[in-house]
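The values are calculated or read from the model by the stated rules, or taken from the named source; none is laboratory data. What you see is a predicted model, and the numbers here were worked out from it, not measured in a lab. When we count neighbours, we look across all protein chains shown, and the Cβ atoms used for this are built from the backbone with ideal geometry, even at glycine. Each accessible area value is taken on the protein alone, full model and side chains, heavy atoms only, with ligands, DNA and RNA left out. Shrake-Rupley method; radii C 1.70, N 1.55, O 1.52, S 1.80 Å.
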Amino acid sequence: MVADKTQEKIILDVENLKQYFNEGQRDEVRAVDGISFQIFEGETFGLVGESGCGKSTTGRSIIRLYHPTAGKIEFDGEDVSKIKRRADMEHFRRDVQMIYQDPYASLNPRMKVRDIIAEGIDIHHLATDVDDRNQQVNDLLELVGLDRSHGTRYPHEFSGGQRQRIGIARALAMQPKFIICDEPISALDVSIQAQVVNLLMELQQKKKLTYLFIAHDLSMVKYISDRIGVMYYGKLVEVGKSEEIYNFGVHPYTESLLSAIPLPDPEHERTRRRIVYKPAVNDGAERELREISEGHFVYCSEEEVPVFQKKLADKKAQTEKVEV
Amino acid sequence: MAEMDYSKIPKEKFELIGHQDAAESEKIAAPSLTFFQDSWRRLKKNKAAVISLVILGLITLIAFGAIWLSPKDPTKQNVQFANLPPKIPGISVDGFNGTTLVRGQRVDKYEQVGVPEDVYFILGTDSLGRDLLSRIFMGTRASLIIAFVAAILDLSFGVTYGLISGMKGGRVDSIMQRILEVLSGIPNLVVMILFLTIFKPGILTIILAMAVTGWITMARIVRAQTLKIKDQEYVLAATTLGQSQISIALKHILPNISSVVIVQMMFSIPTAIFFEAFLSFIGLGLTPPNASLGMLLSEGYKLFRFLPHLMWAPAIVLSVIMICFNLLADGMRDAFDPKMKD
Ligand SMILES: Nc1ncnc2c1ncn2[C@@H]1O[C@H](COP(=O)(O)OP(=O)(O)OP(=O)(O)O)[C@@H](O)[C@H]1O
Ligand SMILES: [Mg+2]
């Protein structure tokens with residue numbers, strides 16, 4: 001990972017991001033409470049956590065739908081919250097796009113699919129004339145596996161999976177570098193989920209995209225991501241390579257998430273025990289993300305680092321033994 | 001039978017009988033209906049609404065056509081012919097043939113006051129000898145103008161105010177809502193009386209009074225709907241695409257609340273008509289020689305014991321207009337909201 005950092009370019013750098021709602025009032029919500037992570041160009045960073053832990057809020061803060069309470073978000077070396085000039089803002093809007101959670105709420109029901117997809121093209125004047133616009137839309141439709149005749153239809157005529165494809169086409173129309181996928185598959189049927197995930201991975205290859213992939217299902221995230229961040233109540237509790245987190249997640253919350261994944265193995269299922277996560281009592285120790293092995297970070301105090309290191313080593317040793 | 005050598009069969013003997021590729025199966029066959037086409041189709045199924053629509057169309061046509069084709073001059077007084085009962089050509093039913101009961105005796109009033117043989121007052125005349133039918137046409141026109149103005153006010157003030165309030169949110173929204181609360185706290189009648197101290201009574205004064213308070217319900221409804229739609233993911237998507245606030249309001253929010261706006265407008269029309277009728281009835285509205293349904297009612301009501309038709313006729317017209325607008329609004333609400341019915 002250390003070597004990686006010098007080789008790979010950091011495209012998104014989130015530092016101590018805090019996003020509070022209704023700040024200072026009685027109903028203050030600390031949706032995101034001081035998280036830091038980096039995303040490298042061309043990779044997929046998976047963000048997992050249970051419902052309401054602040055995943056969508058993180059994504060929306062990054063794309064400037066919210067104004068962060070504190071912290072810094074740097075995209076492509078530029079502080080996102082400091083963008084003032086119109087041209088810079090337009091640039092940012094084109095580079096960073098989002099695919100939404102709910103395919104039924106993310107398309108305007110009163111607009112034709114063609115106009116939905118071309119919305120960004122119209123705003124940023126990316127088409128020279130009407131023919132060019134239609135051509136771009138048709139290409140996008142085909143790119144995401146839809147028929148060009150679908151352009152003249154309304155969203156309610158499509159299935160969830162098809163709608164999600166339309167949402168993807170809308171994002172791609174801007175030719176972005178970075179796409180935030182906010183649980184793009186959680187509202188879909190399992191058989192359709194794979195289709196959409198495969199489409200996303202295919203597009204990543206073709207267009208050299210970087211993804212922030214948000215989900216609450218660790219097994220799916222592991223399949224698509226290079227690295228994973230595990231989130232719990234507005235905080236990142238563990239960050240690392242996807243294989244590493246999946247096989248040797250050491251934070252108790254990660255273990256709890258992992259224990260919830262069913263495997264197609266009756267032997268394993270019979271003995272599978274759901275680990276319930278009990279948050280550690282606040283002992284006053286200062287906790288933050290600390291590196292316990294190369295590229296593997298855990299949210300802990302200084303004293304806990306060796307404990308987690310030992311735990312990780314134990315786990316690795318155990319699997320090696322099984323393999324032998 | 002000997003084994004056949006299938007490879008020897010010439011290619012031309014094969015015929016492609018069916019072929020469906022993935023792209024074709026993705027095609028959708030049904031015609032693509034826009035939202036309003038779909039709603040119109042549903043509205044047409046609602047008999048009451050369609051009949052109301054037709055009646056309102058006819059009433060509008062007649063009321064405005066009467067400017068040029070009025071049977072008589074609605075403001076021309078002819079004291080000689082005062083208080084005549086209805087007389088319809090070719091009908092000899094008592095009550096519609098120009099006769100009334102005077103001390104138990106049926107008397108032909110038209111003959112009595114010397115109305116020429118070929119002159120008919122289809123709904124009779126009022127105490128100043130003006131033709132009631134023509135006056136009803138005139139009054140209906142006033143009511144419809146009020147209805148039209150109410151709709152315009154709702155659509156302009158109400159929708160704009162609600163959209164701005166909802167879109168801006170926060171402090172701006174709070175202030176705008178407090179202003180609405182103050183305005184809606186003043187009774188319509190008080191506003192009207194205040195205006196009467198400055199302006200002459202008449203249709204313009206009524207419109208001004210409505211401009212102060214008539215659009216408040218619409219503004220509230222539009223604001224609530226805007227707040228609801230503003231957080232929808234398609235609006236967020238438009239924001240992240242770089243769409244401006246104004247375009248979002250016009251392209252994303254307005255089309256999605258249009259049905260609510262139209263229905264609210266349809267319901268506010270009868271209220272406005274009734275407001276005008278009420279004002280004219282108590283004498284704060286239009287002034288003679290202009291006519292309004294409310295004024296005709298108030299005149300007719302004074303003579304109801306003796307000449308009941310003077311009140312019946314405008315009362316029926318007013319009721320029909322109100323009922324039709326309400327039924328049509330009802331039908332539209334159902335048509336716009338497929339979940340509610342059919
Ligand atoms: N605009 C807002 N105002 C107040 N609280 C909010 C707002 N948006 C989100 N929250 C709160 O912030 C917390 C995090 O919400 P968020 O939508 O980020 O969760 P999530 O991890 O995406 O969950 P899910 O998996 O269900 O999508 C929740 O408790 C939510 O109630
Ligand atoms: Mg979410």
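Laid out as a table, the results:
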{"quantity": "1.4 Å probe accessible area per residue over chain A, in Å²", "calculated": "48"}
{"quantity": "Where only alpha carbons of the protein assembly as shown are counted, the Rg and the Dmax (Å)", "calculated": "36.6, 126"}
{"quantity": "Nonlocal amide H pairs with residue A:71, under 5 Å, H built at 1.01 Å", "calculated": "A:18"}
{"quantity": "Selected from A:156, A:91, A:268 as most flexible by GNM, with chain A as the system and alpha-carbon contacts under 10 Å", "calculated": "A:268"}
{"quantity": "Under Karplus coefficients 6.51, -1.76 and 1.60, residue-wise ³J(HN,Hα) of the range B:142-147 in Hz, glycine/proline x", "calculated": "4, 4, 5, 5, 4, 4"}
{"quantity": "Net charge of neighbours whose Cβ lies under 9 Å from the Cβ of residue A:119, counting Lys and Arg as +1 and Asp and Glu as -1", "calculated": "0"}
{"quantity": "Residue A:10/residue B:160 FRET efficiency (R0 45 Å; Cβ-Cβ; nearest 0.05)", "calculated": "0.45"}
{"quantity": "Relative contact order %, chain A, counting alpha carbon pairs below 8 Å whose residues are six or more apart", "calculated": "19"}
{"quantity": "Candidate lysines - alpha carbon under 16 Å from residue A:55, same-chain residues fewer than 8 apart omitted", "calculated": "A:18, A:235"}
{"quantity": "Residue-averaged [θ]222 nm for the protein assembly as shown, counting only DSSP H segments that reach four residues, each worth -39500 (n - 2.57)", "calculated": "-15500 deg cm²/dmol"}
{"quantity": "Residues whose placed amide H lies under 5 Å from that of residue A:213, excluding near-sequence neighbours", "calculated": "A:45, A:46, A:47, A:181"}
{"quantity": "Whichever aspartates and glutamates have a C-alpha closer than 18 Å to that of residue B:228, once near sequence neighbours (fewer than 8 apart) are set aside", "calculated": "A:102, B:173, B:337"}
{"quantity": "Chain B: angle of helix B:254-281 to the longest principal axis, Cα-based, in degrees nearest 10", "calculated": "10"}
{"quantity": "Where trypsin sites (Lys or Arg not before Pro) in DSSP loops with at most 14 other Cβ within 10 Å are excluded, longest remaining stretch of chain B", "calculated": "B:104-304"}
{"quantity": "Average Cα contact separation per residue, the range A:195-324, under 8 Å, 6 or more apart, as relative contact order %", "calculated": "19"}
{"quantity": "Global geometry of the range A:252-324, whether rounded, prolate or oblate, following the gyration tensor of its Cα atoms and the 1.5 cut on a/c", "calculated": "oblate"}
{"quantity": "Helix runs (DSSP H) in chain A reaching 15 Å along axis by Cα, Kyte-Doolittle at least -0.5", "calculated": "A:113-123, A:160-172, A:190-207"}
{"quantity": "Whole-number percent relative contact order across the range B:207-342, with pairs defined as alpha carbons under 8 Å at least 6 apart", "calculated": "19"}
{"quantity": "FRET efficiency estimate (nearest 0.05) - Cβ-Cβ, residue A:84 to residue A:320, R0 56 angstrom", "calculated": "0.55"}
{"quantity": "Helix B:293-302 vs. chain B, principal-axis angle (Cα, 0 to 90°, nearest 10)", "calculated": "30"}
{"quantity": "Farthest positive-ward along the protein assembly as shown dipole, Cα basis, beta-carbon charges - from A:37, B:78, B:190", "calculated": "B:78"}
{"quantity": "Carbon plus sulfur fraction of accessible area for chain B, probe 1.4 Å, in percent", "calculated": "66"}
{"quantity": "Accessible area per residue, Å², the range B:193-236 with all protein chains present, probe 1.4 Å", "calculated": "49"}
{"quantity": "Buried solvent-accessible surface, both chains (A, B), 1.4 Å probe, Å² to nearest 100", "calculated": "2500"}
{"quantity": "Cα-centred dipole magnitude for the range A:81-232, charges only on beta-carbon of K, R (+1) and D, E (-1), debye, nearest 20", "calculated": "460"}
{"quantity": "Share antiparallel - DSSP beta bridges, the range A:177-322, percent rounded to 5", "calculated": "70"}
{"quantity": "Acute angle (nearest 10 degrees) that the helix B:35-45 long axis makes with the longest principal axis of chain B, alpha-carbon atoms", "calculated": "60"}
{"quantity": "In order through the range B:242-252: 3J(HN,Hα) via Karplus (6.51 cos²θ - 1.76 cosθ + 1.60), integer Hz, x for Gly, Pro", "calculated": "x, 6, 7, 4, 5, 5, 4, 4, 7, 8, 10"}
{"quantity": "Accessible carbon and sulfur surface of the range A:1-123 relative to its total accessible area, %, 1.4 Å", "calculated": "42"}
